[in-house]
Amino acid sequence: MVNDNLTFGGYLAQKREERDITLRELARQLGISAPFLSDVEKNRRAPLTADRLEKTASILQLSDEEKTQMYNLAGKQRNTVPPDLPEYIMERDYVSAALRTARDLDAGEEEWQRFIEDLKRRKG
């Protein structure tokens, strides 16, 4: 679940600082300028591209949960689907069908949570 007050840039800065990585060092490793990264962290620029988000997750050694939150915040700020999902959705017609069905039936959070838990049980 994404905290409505948390921004992508704020989250990125927080995770970078928690890992004791300077803005300049992260920018260097991502192949971007420090001023550009500073603008991203201050929400003056759009979130990083999907490739750079993946690299950021690796550099910052984000957990799966932290990585998911980062992608969710990036998508929310761009007003799009989180950048780790479009390819998955586009390559599987049944995912689009499931989303449309859920939309048409106005599926709520409780129904989606049951669906997620069912999928997780099948995995284990």
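The values are calculated or read from the model by the stated rules, or taken from the named source; none is laboratory data. The structure presented is a predicted model; accordingly, all values stated were derived computationally and were not measured. Positions of Cβ are generated from backbone atoms using ideal geometry, with glycine treated the same way; all protein chains shown enter the neighbour counts.
Between 68, 101, 22, 49, which is within 26 Å of residue 116 (Cβ to Cβ), outside the structural domain of residue 116 (by TED's automatic domain parsing) and among the hydroxyl-bearing types (Ser, Thr, Tyr)?
Numbers: 101 fails: outside the structural domain of residue 116 (by TED's automatic domain parsing); 22 fails: within 26 Å of residue 116 (Cβ to Cβ); 49 fails: within 26 Å of residue 116 (Cβ to Cβ).
Being within 26 Å of residue 116 (Cβ to Cβ), outside the structural domain of residue 116 (by TED's automatic domain parsing) and among the hydroxyl-bearing types (Ser, Thr, Tyr) holds for just one of 68, 101, 22, 49, which is 68.
If you filter the range 56-67 down to residues that are out of contact with any helix residue (DSSP H, G or I) (no Cβ under 6 Å at 6 or more places or on another chain) and of a type in the set (D, E, K, R), you find that the one that is nearest to residue 9 (Cα to Cα) is 66. Scanning the range 13-42 for residues that are of a type in the set (Val, Ile, Thr) and more than 19 Å from the chain's Cα centre (by Cα) returns 21, 22, 32. In the condition set (1) surrounded by 15 or more Cβ atoms within 10 Å (Cβ to Cβ); (2) in the same structural domain as residue 33 (by TED's automatic domain parsing), residue 58 is compliant with all but (1).
Among the residues in the range 85-97, are any in the same structural domain as residue 112 (by TED's automatic domain parsing) and among the small types (Gly, Ala, Ser)? Checked the range 85-97: at least one residue is in the same structural domain as residue 112 (by TED's automatic domain parsing) and among the small types (Gly, Ala, Ser).
The helices (runs of 4 or more DSSP H) falling completely within the range 1-72 that include 1 or more residues that are touching a residue at least 60 places away in the same chain (Cβ under 8 Å) map to 8-18.
If you check 44, 16, 28 for being of a type in the set (Lys, Arg) and either within 25 Å of residue 109 (Cβ to Cβ) or buried (at least 17 other Cβ atoms within 10 Å of the Cβ) (or both), only one passes: 16. Total residues in the range 48-78 satisfying the condition of being out of contact with any Lys or Arg (no Cβ under 6 Å at 6 or more places or on another chain) and either of a type in the set (Ser, Thr, Tyr) or under 22 Å from residue 5 (Cβ atoms) (or both): the figure is 21.
Just wondering, is there one or more residues in the range 84-98 that are surrounded by 16 or more Cβ atoms within 10 Å (Cβ to Cβ), touching a Gly at 6+ places or on another chain (Cβ under 9 Å) and within 20 Å of residue 116 (Cα to Cα)?
yes
Within the range 21-67, the set of residues being at pLDDT 95 or above and of a type in the set (Ser, Thr, Tyr) comprises 22, 33, 38, 56, 58, 63.
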